[in-house]
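In what follows, a single structure is set out as structure tokens and then discussed.
The values are calculated or read from the model by the stated rules, or taken from the named source; none is laboratory data. Nothing here was measured: the structure is a model prediction, and the numbers come from that model. Glycine also receives a Cβ, built like all others from the backbone with ideal geometry; neighbour counts cover every protein chain displayed. These accessible areas exclude ligands, DNA and RNA; they are computed on the full protein's heavy atoms, side chains included. Shrake-Rupley method; radii C 1.70, N 1.55, O 1.52, S 1.80 Å.
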Amino acid sequence: MGDEHVPAFQYNHQHTGLTTNQGPATPALRWSFQTQGSLTASPIIDPEGTIYLASTDNTLYAIHRDGKEKWRYEAEDAIFGTPALAPDQSIVFGDLAGKLYAIRPDGSEKFVYPLNWGKDRRIVTGPTIDPNGQIYLVSWNQELRALNAEGVTQWRTTLSDLLSSPPVLDPHGNLYIAEMDGSQCAIHQFKPHSATKQWTFRIPLDTSQPRLFSAPTIDPHRDTLYVGLCNNQTGGLLALDLLTQTEKWTVSLPKGVMASPALGPEGTVYIGCLGGALEGSNDGMEKTEYGLLYAIDPDTHEILWTFQTEGYYIFSSPSVDGNGIIYMGDSDGILYALSSEGKELWRFTTQANIASSPVVGPDGTLYVTSYDSTLYAIQNPSAARDWHSLE
């Protein structure tokens, strides 16, 4: 078991995907919660145990630990990005109408902040919030904005891309954002109080469709930023040294990366790609490409092992629990639990693609969302039975 609540995508604003919470050894459905829209966002959990779920049905749901609805808040448009908890426990998220919302734990509005510039103001990813409550927001109008805890603009800057992945913070409060700038992947560093770029690192990519979907991950112990790359036919994982602003290494992968990397307890990097052809596969109707999860040594950049899923693609960003167990979903809707050696421990099947990052709560419950509009709460069979006996 662990004691961490879950305030953000992949547990924290370094997007490590690593928690001390310990997930189930064997899967049993504890409960499920149905919405009216597909789910791409991961759930978050506040210190009181309330679960917050954003849906493309334009709704933010607050859910009790027993799966019962606490309250709901209706936004103007669909919500795709994972919300984030502010220091005052407000739930902050954006929608496709280009509005940022801050909702108090009782379901009342703290503020609604409408974007007021650009033709395409869609917000497709969650915000990043620093320990002082400053909110960083990106949108398809190519803007990065910093707002204070009351929703007042502190600064803003225009970048080059239709921004689809959230910024990441290092332990010192510096902000990093990855984007496509022409045919280059550009990573920018910002200080909390300035719209001026402190530095930019660029790496050329062979791509005719310049989009970046993978959110950066920071390993604070190695001062390294990782981000997944998409080329025309292939992909990769970039490791950037934040102290020298130079490339440490890049590992080539057979297909593009849309998911975000996650870190194991010893720094092993886990990343899924869109699909790789099996050796000796035949052309035709038979499936020849499968989503592949890679484990990569952070120091030698050696590929330690590869796990093949049943689905064609991996959109799901991995999650790693306090026992080093890796949880990840595929495009066939299968949730996998893997050992740190890449061995399948168990699987749990949903009805559609899993694009979110699974979440382990403080009580050991594993939460995962699916395109089938459902949030699943998964627990050890004995714990699930004990829970139902108390109802």
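Details
- The range 254-271 - residue that is part of a loop (DSSP other than H, G, I, E, B) and touching an Asp or Glu at 6+ places or on another chain (Cβ under 7 Å) and, of those, least open to solvent (accessible area, probe 1.4 Å): 267
- Test result for residue 187, open to solvent by less than 10 Å² (accessible area, probe 1.4 Å) and either not in a strand (DSSP E or B) or not aliphatic (A, V, I, L, M) (or both): no
- Residue count for the range 75-107 under the criterion of being over 21 Å from residue 139 (Cα atoms) and open to solvent by less than 40 Å² (accessible area, probe 1.4 Å): the result is 1.
- Residue under evaluation residue 177, criteria (1) touching a Pro at 6+ places or on another chain (Cβ under 7 Å); (2) under 25 Å from residue 293 (Cα atoms); (3) part of a loop (DSSP other than H, G, I, E, B), criterion not met: (3)
- Number of positions in the range 238-248 that are on the phi < 0 side of the Ramachandran plot and either at pLDDT below 95 or open to solvent by 10 Å² or more (accessible area, probe 1.4 Å) (or both): 7
- Residue within the range 3-21 that is part of a strand (DSSP E or B), without any contact (Cβ under 8 Å) to a residue 40 or more places away in the chain and under 21 Å from residue 104 (Cβ atoms) present: no
- Residue ID - surrounded by the most Cβ atoms within 10 Å (Cβ to Cβ), chosen from residues in the range 136-175 that are among the hydroxyl-bearing types (Ser, Thr, Tyr) and more than 19 Å from the chain's Cα centre (by Cα): 157
Residues checked against (1) acidic (Asp, Glu); (2) without any contact (Cβ under 8 Å) to a residue 40 or more places away in the chain; (3) under 19 Å from residue 56 (Cβ atoms):
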{"residue": "123", "(1), (2), (3)": "no, no, yes"}
{"residue": "134", "(1), (2), (3)": "no, no, no"}
{"residue": "141", "(1), (2), (3)": "no, no, no"}
{"residue": "155", "(1), (2), (3)": "no, no, no"}
{"residue": "170", "(1), (2), (3)": "yes, no, no"}
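- Residue list for the range 219-243, restricted to those being more than 11 Å from residue 260 (Cα to Cα), aliphatic (A, V, I, L, M) and within 19 Å of the chain's Cα centre (by Cα): 225, 238, 239
- The residue pairs whose first member lies in the range 65-81 and is free of Cβ contacts under 8 Å to residues at least 40 places away in the same chain and among the aromatic types (Phe, Trp, Tyr), whose second member is in a loop (DSSP other than H, G, I, E, B) and open to solvent by 10 Å² or more (accessible area, probe 1.4 Å), and whose beta carbons are closer than 7 Å, counting only pairs six or more residues apart or on different chains, are 71/107; 73/107.
Residues checked against (1) open to solvent by less than 50 Å² (accessible area, probe 1.4 Å); (2) modelled with pLDDT under 95; (3) outside any strand (DSSP E or B):
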| site | (1), (2), (3) |
| --- | --- |
| 228 | yes, yes, no |
| 252 | no, yes, no |
| 285 | no, yes, yes |
| 290 | yes, yes, no |
| 299 | no, no, yes |
| 305 | yes, no, no |
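- Residue check, residue 153 of a type in the set (Val, Ile, Thr) and in contact with a helix residue (DSSP H, G or I) (Cβ under 9 Å, 6 or more places away or on another chain): no
- Residues of the range 54-74 satisfying the condition of being open to solvent by 20 Å² or more (accessible area, probe 1.4 Å) and either farther than 25 Å from residue 363 by Cβ or out of contact with any Lys or Arg (no Cβ under 7 Å at 6 or more places or on another chain) (or both): 56, 57, 58, 65, 66, 68, 69, 70, 71, 72, 73, 74
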